[in-house]
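Trainee: For reference, the structure I am asking about is given below.
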Amino acid sequence: MPLQPRAKSKASQENDARILEAGIAEAHAVGLDRIALRAVVRRCNLTSGAIYGRYEDSDDFIASVWTERLGAPLFDFLSGAMGAFLGTEGSPSIDSVAATVANPPKHLAVAFEALVVGRRNDVLGDEVADDFALWAEKWGLGSATDPSVRALNVVAFTTIMGAALYSFVEPKLADWNLVFAIMAAAIRDTSTARSTKAPPIGDELPNFDVEPGTGEPLRDALISATANVIGRTGYERATVSRIGRRAKLTGGAVYTRYETKDDLIIDTLDTLLSGAIVGTSELTAHGVKSGDLGESIGKIYTLGVTPSRKQWRQFRLETYVAARTRKEPRAALRRVHSAGLVRYNDMLGPRSRMDDGVIRLVARGGQSIPLGLSLLESYQSDLHELNFHAFSASLVNLLRTV
């Protein structure tokens, strides 16, 4: 007969709760990658033994925080948000979902971050991946769902999660209620007739890969290596020595070009994200010129999950997570956002038949939704086969009447 664990005393249960709540507070302040058990001890005013007797290390601790405090509230929120987008009876209003995304409570902000960190942290990922798979299947995000229905569910989820991650950089924005209302209306207006596979992206995107292209071989090598390392390890765990090895250089060689690791990372962020904007600009400009903006937007969705661009997308995802607690990447991403808005105005302008306010909303969605796609593809590998053209055609028609 197996031994039954001894029931915990009331004091022990209270200490468990204090430690977990202190963990959420610490993670919210510094980020999951920088959480330290000794800092949690200080927050909850307990002895070191109280926490080290419960958890092996910080990874074990954050996995427990997910299981005990983050997972259920996150999926409750996401279920309500998906219901709001898809028109499920009894769901919250779009406005309330938008308000939460723009200014999430601590536990939700940390839970959003945990979805990103879980894709590369094995201990946390063991918990997150299984929980997410069950939830995603329930909401028609998995491969068992009809592709045309699944595409719309993917649009809903990536809009919600993209806005949540975007809010790490631009908190408390007032636009999300309008963005969400437009996207939800377009989803409901889209036919779910069986769709074909995603169309190939042709000559309208001559610069398919996101490359540094600075004209300086050393700088290009370091930027490419930085993106690769951060995409796999996260912002905090990327070291200069590891980046140097990836670029086949010594750590000392890195410092001949950059004074600090942050300088290198910010240059990587500025260079690659600006280059990616050019790529989507080419697709958008082609759609405006050809008169089929819906087709181009559908292809931008496909571009957002194209396997060959995954490494770069994972780097971008990590920079947004870092921006929640670090001012340097946050400032750099805000520059990228501002430059992107200018490009959207230049691209769309009078020929798109959208006014300046609508173009601002299009830019907001165009900048945030790829983040949601990057997150989802961390847990599902076949999204590039979906065809988003039916939805994007409905979206463009709706935008022109707003």
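Trainee: Could you tally the net charge around H384, taking each other residue with its Cβ under 12 Å from the Cβ of H384, Lys/Arg +1 and Asp/Glu -1?
Mentor: +2
Trainee: To the nearest 0.05, how large is the calculated FRET efficiency for V342 and S9 if R₀ is 51 Å and r is the Cβ-Cβ distance?
Mentor: Working: r = 61 Å, r/R0 = 1.20.
Here the calculated transfer efficiency is 0.25.
Trainee: Excluding same-chain residues fewer than 8 positions from K197, which aspartates and glutamates have a Cα within less than 19 Å of its Cα?
Mentor: Candidates past the 8-residue exclusion: D146, D292, E295, E377, D382, E385.
Trainee: Could you please rank L341, L134, L264, placing first whichever residue has the fewest other Cβ atoms within 10 Å of its Cβ?
Mentor: If I rank by nearby Cβ atoms, fewest first, I get L134, L341, L264.
Trainee: To continue, here is another question. I need the P(r) histogram for the stretch 75-167: all alpha carbon pairs, bin width 5 Å from 0 out to the longest distance, whole percents.
Mentor: 3, 13, 22, 25, 22, 11, 4, 0
Trainee: In a shell of Cβ-Cβ distance under 10 Å around T325, excluding T325 itself, what net charge do Lys and Arg (+1) and Asp and Glu (-1) give?
Mentor: Numbers: positive: R34, R324, R326, K327, R330; negative: D33, E113, E236.
Local charge sum for T325: +2.
Trainee: Taking the chain as the region of interest, what is the percent of Cα-Cα pairs per 20 angstrom bin, listed from the shortest bin to the one with the maximum distance?
Mentor: 26, 56, 17, 1
Trainee: Next question. Could you point to the residue in I369, W312, V254 farthest towards the positive end of the stretch 217-399's charge dipole, with +1 and -1 charges on the Cβ of Lys/Arg and Asp/Glu respectively?
Mentor: V254
Trainee: Report the number of Lys pairs in the stretch 217-399 whose alpha-carbons are under 20 Å apart, with separation of 8 or more residues or on distinct chains.
Mentor: Taking the stretch 217-399 as the scope, the lysine pair count is 4.
Trainee: Using only Cα atoms, what Kirkwood radius does the stretch 217-399 have, in angstroms?
Mentor: 17.4 Å
Trainee: Nearest 20 debye, what's the magnitude of the dipole of the stretch 217-399 about its Cα centre given +1 on Lys and Arg Cβ and -1 on Asp and Glu Cβ?
Mentor: With Lys and Arg at +1 and Asp and Glu at -1, about 500 debye.
Trainee: Taking the dipole about the Cα centre of the stretch 12-139, with the C-beta of Lys and Arg at +1 and of Asp and Glu at -1, give me whichever of I24, A111, G90 is farthest to the positive side.
Mentor: I24
Every number here is computed from the coordinates shown, using simple stated rules; none is lab data. The structure displayed is predicted, hence computed values, not measured ones. Reconstructed Cβ throughout: ideal geometry from the backbone, glycine too, with neighbour counts over all protein chains shown.
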